[in-house]
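*Asks:* Would you mind keeping the following structure in view while I ask a few things?
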Amino acid sequence: MELREFNNQVHPPPDYPSPAVSQPSLRLRLVPAQDTSAVQFDWASTPEDAGNSEEPQNLRELPLHMGLKRAVWQVQKMRVPVVSRWGSWSIKHSKAFHNFCEIAKEVLSYLVLWKRGIQKIGGHFGGGVQSYFLFLRFLVILNFLSFLLIAAFVLIPSIVFRSTDFNSTIPLSVNLTGVDKCMRYDPKPDPLAVFYTYFLDFISGTGFMEYSYLFYGYYNNSMVESNGFSYNIPLAYLLTAAFYFIFCLVCMIVRMGSVARAVVATGGGAVGGYSMLVFSGWDHGLQGDRATKLKQNNLRYRLQVDLEEERLKQKAASLTLGQTVSLYALRVFLNLVVLGLIGGTFYGIARATQYSQDQQTTGFQGLLLQYLPSIVITTSNFVVPLLCDKIALLEKLSPSTTVILALLRAVFLRLVSLGVLLYTLWEQITCEDENSEDCKPCNYNYTTYQCWETRVGQEMYKLTLFDFLITIATLILVEFPRRIVVDHCSCKLVQWVGRQEFQVPPNVLALVYSQTVVWTGALFCPLLPLINTIKFILFFYCKKITLFQNCRPALRTFRSTSSNFFFLLVLLFGWMLASVVLIYSVAKIHPSYGCGPFRFLPTMWKVVPEAVEKLNGTSTQFLFYIGSQRFSIPLFIFSCVLLCYMSALTSVHGKSVTLLKSQCKLEQRDKQFLVRQIEELNATMQKEQSEPQQPKRETEPYSQTELQWNGHNNYAFDPDEDPRPY
């Protein structure tokens, strides 16, 4: 009992009445107020004067609680500033500037593209569907800004120089003897062609479309010099393509950073488990009964998925060794089947590309042959994921693992199919699978590809256009008729099929595929970002119409924060694929002799060192120093040190976040323990009130379950009782 006596001396307890007498609650039990009337304090003093004043002026020695001491300290720190005319003028104008900024932000908020439409979509269908349209808006703005960059440095100067008939300065970096036939290229269309030929040219990118600013072959290798002004079109063409890729990378990284901060703030969507889902999983921005029922179904589905995953975990833990081996053998076999399907798809794309490039027919048959690779790629991207989803049902994986695996397979199929198409084209352009004699005069397959850059640009143009046509055809020929049949037919089979679900991941992967095609063909088709901007704008309105009129949202929803980060990560993979194509085309393949701004150069990159050599000595030395090892090695070391520092800082912050989370959990446990103690105390008091009165025990003023505060942020209990862990 020494601990109780010590606590009684430090904190003498009040005289509690008998348990039989009506007692106030614990919240109303106050510590007897100390007499502070004798304390005299000069509120006008300062913290510096406190040490030189009388004894009662020292805050540390005053018999006041911490709240009052903090208030005294704040009063002492207060000073009335003496503001000069310049200070008052600056304060006035700073407030005016702040008000102007607020008004400007409010005005600019009304100029946000599709703001109300996206808010309406989020209110009716939730944040998962809204994330698709936000991603689409990001790509529209990205493509439009990219087009402005290309137009400012390549398109407009080329139009101006061609219209003013400036003379071109051709840098002869290669020997032109023996390559006369390589310089023959005349894609100008026949002016007396049949009318439908123009439609075929528009669809395939040939004829009048080929001989325009749309493709690489129409640009000249002109370098204008007039009155001290010089502009090198080849250099501008190459550097603009490089800055275009860098600009897109910076935009993606900035957006990924903002999304990653949201993911970290929410704990990746997995913090709290069922508590977060039940207490904070509701979307209060929903509008209408349909959206409310949809959100209820989504929450129920997520709970079902969690329970199903727990059931599968328990079932997997109860499997015997033989059952586990057979299950994994089945999964390996099914994955081999999936790889066989994907490999067969790649082989079909390669064969279709080779066949379409070898045929030189015209008319509608030639149009179908030209679109054969696009048809095979689009069909495989639609059929193979469906087959993989059916196969995934036999693997007996958890629902979340099944969805992630399906997305990874779809991403791999879409991106690698585009890579197979490009590899097949490079193989035919560089004559790797044919007789090398065909490529000796020109260093590329001149007989089939007089301007191979324009040919690659035409393939990317056809992929972009065919993807748009398939989307419009699906909307008109599939989704609208399906909705009409479901609404006007009461057949059980039709009602069981129902309307088409609006699934966010496949639609986002389609956008990533389209953007990857644009990045791949931007070097060979400079106006492809503009075409993609128009295409995505039409996509927005088409998808919005089909969302509200024809589709029902999918029951399987995705968290908007984590899904946005995953979509941007997939988009980054597409950018990396397009970057490999750009670097290989610029550094390895010989440019065409008869077209384009690099027609007389051994490689496209050759224009950069030639332009550097024409600068003055100081600039040349500086640029060569930046490209030398004396600069690159220290820069690499500094980058490594900075990366290590940021990694250590991130680790420290991560540990701090983990510690704070653990403290929050401990505080929750403390609160739960205190609530239990209060409930037990109330139950004991009610039980004692119902019993006959007993004489008050003078030896123990506290009950055995009552808490005491010992002044050190710890709970002290009766030493005769065992303390409960909390």
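*Asks:* Find the Rg to Rh ratio for segment 502-543, where Rh is the Kirkwood radius over alpha-carbon pairs and Rg uses the same atoms.
*Replies:* Working: Rg = 11.2 Å, Rh = 10.9 Å.
Using Cα coordinates only, the ratio equals 1.03.
*Asks:* Additional query: On the full set of protein chains, 1.4 Å probe, figure out the accessible area of LEU336 and give it in Å² to the nearest 10.
*Replies:* Accessible area of LEU336: about 110 Å².
*Asks:* Still on this model: Under 19 Å Cα-Cα from LYS95, which lysines qualify once same-chain neighbours fewer than 8 residues away are excluded?
*Replies:* The reachable lysines, counting only those whose Cα sits under 19 Å from LYS95, are LYS105.
*Asks:* Provide the packing ranking of 543-549, 250-256, i.e. peptides ordered by the mean count of other C-beta atoms within 10 Å per residue, highest first. Walk me through the numbers on the way to the answer.
*Replies:* Numbers: 543-549: 16.6, 250-256: 14.6.
Top to bottom by mean Cβ count within 10 Å: 543-549, 250-256.
*Asks:* Keeping all protein chains in position, work out how much accessible area TYR328 exposes to a 1.4 Å probe, and write it in Å² to the nearest 10.
*Replies:* Counting only protein heavy atoms, the figure is 130 Å².
*Asks:* Per the 1.4 Å probe, what fraction of the accessible area of segment 462-604, in percent, lies on carbon and sulfur atoms?
*Replies:* Carbon and sulfur together cover 71 percent of it.
*Asks:* Which of rounded, prolate, oblate describes segment 582-640, given a ≥ b ≥ c as roots of the alpha-carbon gyration tensor eigenvalues and a/c under 1.5 marking rounded, otherwise prolate only if a/b is larger than b/c? Each step should come with its number before you reach the end.
*Replies:* Details: a/c = 4.60, a/b = 1.68, b/c = 2.74.
In terms of gyration-tensor shape, oblate.
*Asks:* Modelled label-to-label distance, GLN672 and PHE333, 7 Å Cα→beta-carbon offset: nm?
*Replies:* 4.6 nm
*Asks:* Cα gyration tensor of segment 558-664, axes a ≥ b ≥ c as square roots of the eigenvalues: rounded (a/c below 1.5), prolate (a/b > b/c) or oblate?
*Replies:* Oblate, since a/c reaches 1.5 and b/c is not below a/b.
*Asks:* Could you look at segment 620-659 and say what percent of its accessible area is carbon and sulfur, using a 1.4 Å probe and all protein chains? Walk me through the intermediate numbers first.
*Replies:* Details: 2670 of 3470 Å².
Percent of accessible area from carbon and sulfur atoms in segment 620-659: 77.
*Asks:* Counting only protein chains, not ligands or nucleic acids, how are SER651, SER163, SER398, SER417 ordered by accessible area (probe 1.4 Å), most first? Show your work: numbers first, answer last.
*Replies:* Working: SER651 55, SER163 90, SER398 25, SER417 0 Å².
Result of the area sort, largest leading: SER163, SER651, SER398, SER417.
*Asks:* Ok, one more. Could you tell me the number of lysine pairs in segment 535-655 with C-alpha atoms less than 19 Å from each other, where the two lysines are 8 or more residues apart or belong to different chains? Can you show the working numbers first?
*Replies:* Details: LYS535/LYS543; LYS535/LYS544; LYS588/LYS606; LYS606/LYS614.
So the count of such lysine pairs works out to 4.
*Asks:* Calculate the length of the line joining the C-alpha centroid of segment 649-668 to that of segment 407-432, in whole Å.
*Replies:* Segment 649-668 and segment 407-432 have Cα centres spaced 46 Å from each other.
*Asks:* Would you mind calculating the relative contact order of segment 463-613 from Cα pairs under 8 angstrom and at least 6 residues apart, reporting the percent as a whole number?
*Replies:* On the way: 106 pairs, mean separation 37.1, N = 151.
Relative CO of segment 463-613 lands at 25 percent.
*Asks:* May I pose another question? Specify whether the C-alpha gyration tensor of segment 460-577 places it in the rounded, prolate or oblate class, a ≥ b ≥ c being the square roots of the eigenvalues: rounded for a/c under 1.5, otherwise prolate if a/b is larger than b/c and oblate if not. Spell out each step's value before the answer.
*Replies:* Numbers: a/c = 3.05, a/b = 1.67, b/c = 1.82.
Here segment 460-577 falls in the oblate category.
*Asks:* Counting only protein chains, not ligands or nucleic acids, how are ASP201, ASP283 ordered by accessible area (probe 1.4 Å), most first? Please report the intermediate quantities before stating the final value.
*Replies:* Numbers: ASP201 20, ASP283 45 Å².
Order by accessible area, largest first: ASP283, ASP201.
*Asks:* Could you give the length gained on full extension between LYS95 and LEU68, defined as 0.36 nm per residue of separation minus the Cα-Cα distance, in nm? Display every interim value, and only then the final one.
*Replies:* On the way: separation 27, 0.36 × 27 = 9.72 nm, distance 3.43 nm.
Extra length from LYS95 to LEU68 when fully extended: 6.3 nm.
*Asks:* Ordering PHE573, PHE502, PHE636 by how much accessible area each has at a 1.4 Å probe, largest first, what is the list? All intermediate terms of the calculation are to be shown ahead of the outcome.
*Replies:* Working: PHE573 100, PHE502 10, PHE636 130 Å².
Solvent-accessible surface, decreasing: PHE636, PHE573, PHE502.
*Asks:* Can you give the accessible area of MET685, probe radius 1.4 Å, in Å² rounded to 10?
*Replies:* Surface open to solvent at MET685 totals about 40 Å².
*Asks:* Right, something else. Between GLU610 and TYR185, what's the calculated FRET efficiency when r is the beta-carbon distance and R0 is 22 Å? Round to 0.05. Please list the in-between numbers first.
*Replies:* Details: r = 23 Å, r/R0 = 1.05.
The computed FRET efficiency comes out at 0.40.
*Asks:* So, one more: What are the ³J(HN,Hα) couplings of segment 131-143, residue after residue, when phi is run through the Karplus curve with 6.51, -1.76, 1.60 and θ = phi - 60°? Round to Hz, x for glycine and proline.
*Replies:* In residue order, the calculated couplings are 4, 5, 6, 5, 5, 5, 5, 4, 5, 4, 5, 4, 5 Hz.
The values are calculated or read from the model by the stated rules, or taken from the named source; none is laboratory data. Owing to the predicted nature of the structure, the values given are computational and were not obtained by experimental measurement. So basically every Cβ, Gly included, is an ideal-geometry build from the backbone, and we count neighbours across all protein chains shown. Note: areas computed on protein heavy atoms with side chains; ligands, DNA, RNA excluded. Shrake-Rupley method; radii C 1.70, N 1.55, O 1.52, S 1.80 Å.
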